[in-house]
1. So Cys77 clears everything in (1) open to solvent by less than 30 Å² (accessible area, probe 1.4 Å); (2) over 27 Å from Ser244 (Cβ atoms); (3) out of contact with any Pro (no Cβ under 6 Å at 6 or more places or on another chain) except one condition, right? Which one?
2. Quick check on my filter: what residues within the stretch 150-166 are among the aliphatic types (A, V, I, L, M) and open to solvent by less than 10 Å² (accessible area, probe 1.4 Å)?
3. Which residues, counting only those in the stretch 166-179, are more than 20 Å from Asn38 (Cα to Cα) and not in a loop (DSSP other than H, G, I, E, B)?
4. Name the residues in the stretch 19-41 that are in a helix (DSSP H, G or I), surrounded by fewer than 22 Cβ atoms within 10 Å (Cβ to Cβ) and modelled with pLDDT of 95 or more, would you?
5. What tally of residues in the stretch 99-116 results from selecting those that are away from ligand 2 (no atom under 14 Å from the Cβ) and over 21 Å from Asn156 (Cβ atoms)?
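The values are calculated or read from the model by the stated rules, or taken from the named source; none is laboratory data. Please read these numbers as outputs of a predicted model, since none were measured by experiment. Quick reminder, even Gly has a Cβ in these numbers, built from the backbone with ideal geometry, and neighbours come from all protein chains shown. For the accessible areas, the whole protein counts, side chains as well, though only heavy atoms, and no ligand, DNA or RNA atoms are used. Shrake-Rupley method; radii C 1.70, N 1.55, O 1.52, S 1.80 Å.
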Amino acid sequence: MKLDIASQKQLLSEHILHVDMDAFFVSVERRGNPALKNKPVIVGGLGNRGVVASASYEARRFGVHAAMPIGRARRICPHATFLAPDIEAYRRESRAIFRIFGFFTPLVEEASLDEAFLDVSGARRLFGDAANIAHLIRRRIETERQLPASVGIATNKLVAKIASRAAKPDGVFAVAAGRENEFLAPLAVNQLWGVGSVAVNALQRLGVGTIGDLAAIPSVTLERAFGRNQGQYLHAMANGRDDSPLVIERIPKSIGTERTFETDIHHDDRVGTELLAMADYVAARLRKERFWARTITLKCRLSNFQTLTRATTVPSGANGVSAIYGIVHDSYRRLDLASPQIRLLGVTASGLKLGKPSRQLGFETEPDWDALMQVTDAVRARFGGDSLKLARLLRARSP
Ligand code: TTP
Ligand code: MG
């Protein structure tokens, strides 16, 4: 392949690293207990219904693998050391490892506790090519954290991730630009993203076992069998093409809205309607970005410019209109304003975190707010933010 144009070179060069810690939980445990070195070690739930979370490579030789019931692991590898997980210790370790990644590039996607994608295009001037950066990262993790990591290097995330598996344990595997097909061809199709047992069976019926088999099938054939989007996606992946960008978490400090009224408002009922509209707006934005807020703040400015704020902590996180409205409305009532003259109201969500909250057990009689919000978000995404409104807001303006 010719690489004579600078931009093409940039695009096609191996600039994505996938770093994945080897037997992560086990390695952390082993570091604190050298007697476990080179021995079969299994970390997992030790109760009757527990499963293996992480198995040392010595234990894997006996067939032990992640998600295997612990009882079965005990039968096939009885001489292994079995340990209960210490999640807090793994989290601390994870943070230390991600700090090391951040030293090389700000472009880090946190794929899980023990794995990350790094875009090192901008780091090469300082640290040498991708292979050199992989070497430096592994050495720092080894000297500072005494843990083994493996690194896959490629032109894109898909191939880098598969390459890191090929690098394990404690190694580096680089797939040169233009050699993706060659690298992927002998591997089983389930190594590709999103190809689970259903797709594997369907592909088997087409005579496809390896990624090479899949790459040889024309895109149109796959489109007929799996639909246009999925067919094209499978075809691209099988040929080592993947243009998915790194997903880099940038968590804002807060998401909020406020409104100054043309004339001061006096009625509690009107205040409620305004707060509901703002809660709805904030909640929709939180969900759009997949955030949960641990703090909800009401701001209320009176006609004399006195500004009152009330922050409420929600340890489990909130992202729904009912929860946010409930909090700010309650805060407002507790201000206990005798004859309110309100100039401005504001609702802000802060202490944001990404992903699922720690769920509270629901009461069965409550409506399924999650499902309702999903539907609301979907309708609004399709028909616009004003297409679906809470009945009470039908006459109110959006904030
Ligand atoms: P993995 O990176 O999938 O596994 P690993 O690090 O133990 O081994 P490998 O060398 O193959 O990368 O997962 C990272 C950690 O996440 C792992 O140590 C334990 C935890 N984990 C679970 O708790 N449950 C699971 O089902 C899996 C797959 C992992
Ligand atoms: Mg790992």
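1. The one condition Cys77 does not meet is (3).
2. Correct list: Val151, Ile153, Ala154, Leu158, Val159, Ala160, Ile162, Ala163.
3. Scanning the stretch 166-179 gives Ala166, Val172, Phe173, Ala174.
4. Result: Arg31, Ala35, Leu36.
5. 4
Results for (1) without any contact (Cβ under 8 Å) to a residue 60 or more places away in the chain; (2) among the charged types (D, E, K, R); (3) open to solvent by 50 Å² or more (accessible area, probe 1.4 Å); (4) not in a strand (DSSP E or B), shown as yes or no for each residue.
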position	(1), (2), (3), (4)
Pro186	yes, no, yes, yes
Asp213	yes, yes, yes, yes
Tyr233	yes, no, yes, yes
Glu262	yes, yes, yes, no
Leu275	no, no, no, yes
Ile296	yes, no, no, no
Asn304	yes, no, yes, yes
